[in-house]
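The values are calculated or read from the model by the stated rules, or taken from the named source; none is laboratory data. Source: prediction; values computed, not measured. Every residue, glycine as well, gets a Cβ built from its backbone with ideal geometry; the counts of neighbours run over all protein chains shown. Surface areas here come from the heavy atoms of the whole protein model, side chains and all, with no ligands, DNA or RNA. Shrake-Rupley method; radii C 1.70, N 1.55, O 1.52, S 1.80 Å.
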Amino acid sequence: MNVNVPPGSISNSPQPTEWPEGTLTRVPFWIYHSPDIYALEQQRVYEGPVWNFLCLEAEVSKPGDYRTTFLGSMPVVVARDSDDEIYAFENRCAHRGALIVLDGGGHARDFTCVYHAWNYDLKGNLKAVAFEDGVNGKGGMPKTFCRSDHGPRKLRIALFAGLVFGSLSEDVPPIEEYLGEEVATRIKRVLHKPAVVTGRFTQMLPNNWKLYYENVKDTYHASLLHTFFTTFGINRLSQKGGMVVSPSGGNHASFSFVDKSTQGNDYAAMGLRSENEDFKLKDPTLLDNADEFNDGCHMQILTVFPNFVLQQIQNSLAVRQVLPKGLGETALNWTTFGFADDTPEMKTRRLRQNNLAGPAGYVSMEDGAVGGFVQRGVAAADGERAVLEMGGSGTTNEGTRATEAAVRGFWKCYRAHMGV
Amino acid sequence: MAGITTERILALHAAYTRCIDRNELESWPDFFLDPCLYVVTSAENHRAGFEGGMIYADTRGMLTDRVMSLRDANVYEKQSYRHIVGMPYVIKNGGDEAETETPFMVMRIMHDGKTDVFATGIYLDVVHAAGGDLKFKKRVVVCDSSRIDTLLALPL
Ligand code: FES
Ligand SMILES: [Fe+2]
């Protein structure tokens, strides 16, 4: 609906754009549904000095393999060329702007735009223009036209532990520095050998991307919104956990491990130990956990600003890519994985434990909906703000998960990029 | 041996979808043998040969646990499904066990009335005439799309 209102005829205040006074403990609700902010995020976050997660190296493992993805709203092609290096470029033809690659991925020697057949190599260089010299001496491109002056924007690539990151910025720090030492170590802990993809699916979230990103960093809600473990009497109290936040505030890892001084590391037994017969898992093999990283840590959730999540929930491993698809819509791209040397038992374990996460995840299906509850809840609350005071006002590492430190870290990082 | 006929398969599908659409999930595991295989996946993953899915259960106990979890642990807005199931295509009928492929469409009706096509796809089934009653030995739900809107709570 488009209603024309004469200027000055409405007296209420315009949409506020000032961040509320004070610290990181307040988040104004207009940040989730302002079109201006959305446009600015494309420039300042996604195309700014950040490393965007693009895909797994395993998804472009052979020369000629390619996948399409996004850098915020920008369509991107990731390809491995014959020199065995990975390249990424904007999926936009230099001619009139059509998508160069139309499908999700595959294998190719080069790419030809369907519209007028301009041709690109796997690095994104424009190699041929159809009828460049015209036909029968007529038409064609001017003599001054130089193919190398034209092409889609190219991304810088950083590879880390089998993850492919891309950036349009010349100023983004090297990947290790960008991740921060502790987060980098915790990525390598899980991706300590090449990943093998076992499935992909997309969950469409009815909310702004930031609400999902906050949610992943929100260790406070875990045992309150998600009651699967407590309902089934799987004792969580004896667990120790903590969190690290990178110096930028943008990356984090939260983790928990069983306190071996009070418990065995036997989940199946814990499921069986439930007091209430009615709330006992009929098939506790679901929780038959193997300590595959040999450190007793059975759960680790990790983020890298602005769009990456690494999940280890027991033996369920996945990467999640968070992509904005509009003010109130977000695509969450899940890629589950295992390792080439997984035993048949480990494969079965992962298949079963993948029930714990994802759109139908016992532990986390709620995360697909809760962002929408906020998006709908704040629809008319532009002048109001969220309160983030759990665990104080800091953004530093905490020995507890009863804190909103990582969420405040997100806003610290986000505001630094956005200048809001 | 009673034998498997198209009519019996149709009756099984009708009872299965009625059970879910009437929110009688407690009876849903009874449609399966134990052990069994119930997987919800996408056409893309199925084509790629990936065994797993968004839901994966290889025992009836796991199906019962899912129902308990949906009833007592998980949080989701009130919603219901309306399954429309097409004609089963019989791939193989060995008398007491048959392999079939059946198209489906599921509408999701939210508590506020919002109604969407939630999923379309095919059921890849192995049905078994165990002790007279037809049951699923295997039901792989292959959704045409790899996208799930918001969350997948109720089974397909
Ligand atoms: S738009 Fe690609 S060749 Fe014309
Ligand atoms: Fe959560």
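Projected onto their three principal axes, the Cα atoms of the protein assembly as shown cover extents of 83, 69, 59 Å, largest first. Helix-derived [θ] at 222 nm for chain B: sum -39500 (n - 2.57) over DSSP H runs of at least 4, divide by residue count, nearest 500? Taken over chain B, the calculation gives -6500 deg cm²/dmol.
Counting only alpha carbon atoms, the long axis of helix B:6-21 and the longest principal axis of chain B meet at about 20°.
Share of carbon and sulfur in the accessible area of the protein assembly as shown stands at 52%, probe radius 1.4 Å.
Give me the mean projected area, in nm² to one decimal, of the convex hull enclosing the Cα positions of the stretch B:41-126. Please report the intermediate quantities before stating the final value.
Values: hull surface 29.5 nm².
The directionally averaged projection comes out at 7.4 nm².
Report, as an integer, the average count of C-beta atoms from other chains found within 10 Å of each Cβ along A:366-373.
Details: counts 6, 1, 7, 7, 2, 1, 3, 2.
The mean count of partner-chain Cβ atoms within 10 Å per residue comes to 4.
From the residues A:Phe111, A:Tyr212, A:Met299, which one has its Cα farthest along the dipole of chain A in the positive direction, the dipole being from +1 and -1 charges on Cβ of Lys/Arg and Asp/Glu about the Cα centre? Ranked along the dipole, the leading option is A:Phe111. For an R0 of 51 angstrom, estimate the FRET efficiency from the Cβ-Cβ distance between A:Ala381 and A:Thr185 and round to the nearest 0.05. Once the sixth-power term is evaluated, E becomes 0.80. Among the trypsin sites (Lys or Arg not before Pro) found in the stretch A:51-108, those both in a DSSP coil and sparsely packed, with 11 or fewer other Cβ atoms within 10 Å of their Cβ, are A:Arg96.
Treat the stretch A:123-210 as a sphere of radius equal to its Kirkwood radius over Cα pairs and apply Stokes-Einstein at 37 °C in a medium of 0.692 mPa s; give the translational diffusion coefficient in µm²/s, rounded to a whole number. Estimated diffusion coefficient is 182 µm²/s. In this label model, A:Thr17 and A:Asp149 are separated by 3.5 nm, measuring between points 7 Å along each Cα→Cβ vector. With respect to chain A, whose longest principal axis is taken over its alpha-carbon atoms, helix A:181-190 is tilted by about 80°. Between the alpha-carbon centres of the stretch B:88-143 and the stretch A:354-368 there is a gap of 23 Å.
Given points 7 Å out from each Cα along the Cα-Cβ axis, report the B:Tyr76 to A:Arg156 separation in nanometres with one decimal. Here the modelled spin labels are 4.3 nm apart. Okay, which of the stretch A:115-139 sit inside 17 Å, backbone N to the point 7 Å along the Cα-Cβ direction of A:Arg96? It comes to A:115-119, A:129-132, nothing else. At full extension, A:Phe279 and A:Asn136 could sit 43.4 nm farther apart than now, given 0.36 nm per residue minus the alpha carbon distance. Against the main long axis of the alpha-carbon atoms of chain B, helix B:60-72 sits at an angle near 20°. Compute the Cα gyration tensor for the stretch B:91-132, then decide on rounded, prolate or oblate, letting a ≥ b ≥ c be the square roots of its eigenvalues: rounded whenever a/c is under 1.5, prolate when a/b is larger than b/c in the other cases, and oblate in all that remain. In terms of gyration-tensor shape, oblate. In a reduced charge model with +1 at each Lys and Arg Cβ and -1 at each Asp and Glu Cβ, the stretch A:75-188 shows a dipole moment near 580 debye about its Cα centre. At an R0 of 56 angstrom, the distance between the Cβ atoms of B:Glu7 and A:Phe293 translates into a FRET efficiency of 0.55. Stretching A:Ala340 away from A:Val420 to a fully extended chain increases their span by 24.3 nm, per 0.36 nm per residue minus the current alpha-carbon distance. Percent of C-alpha pairs per 10 Å bin in chain B, short distances first: 11, 41, 38, 10, 1.
With K and R counted +1 and D and E -1, the other residues having a Cβ less than 10 Å from that of A:Met204 yield a net charge of 0. Taking every DSSP helix (H) stretch of at least 4 residues in chain A, weighting each as -39,500 (n - 2.57) and dividing the sum by the residue count yields a mean residue ellipticity at 222 nm of -5000 deg cm²/dmol. In this label model, A:Glu85 and B:Ser145 are separated by 4.0 nm, measuring between points 7 Å along each Cα→Cβ vector.
Each Lys and Arg adds +1 at its Cβ and each Asp and Glu adds -1 at its Cβ; summed about the Cα centre, the protein assembly as shown shows a dipole of about 700 debye.
Taking Cα centre as origin and charging only the Cβ of basic (Lys, Arg, +1) and acidic (Asp, Glu, -1) residues, the dipole magnitude of chain B rounds to 180 debye.
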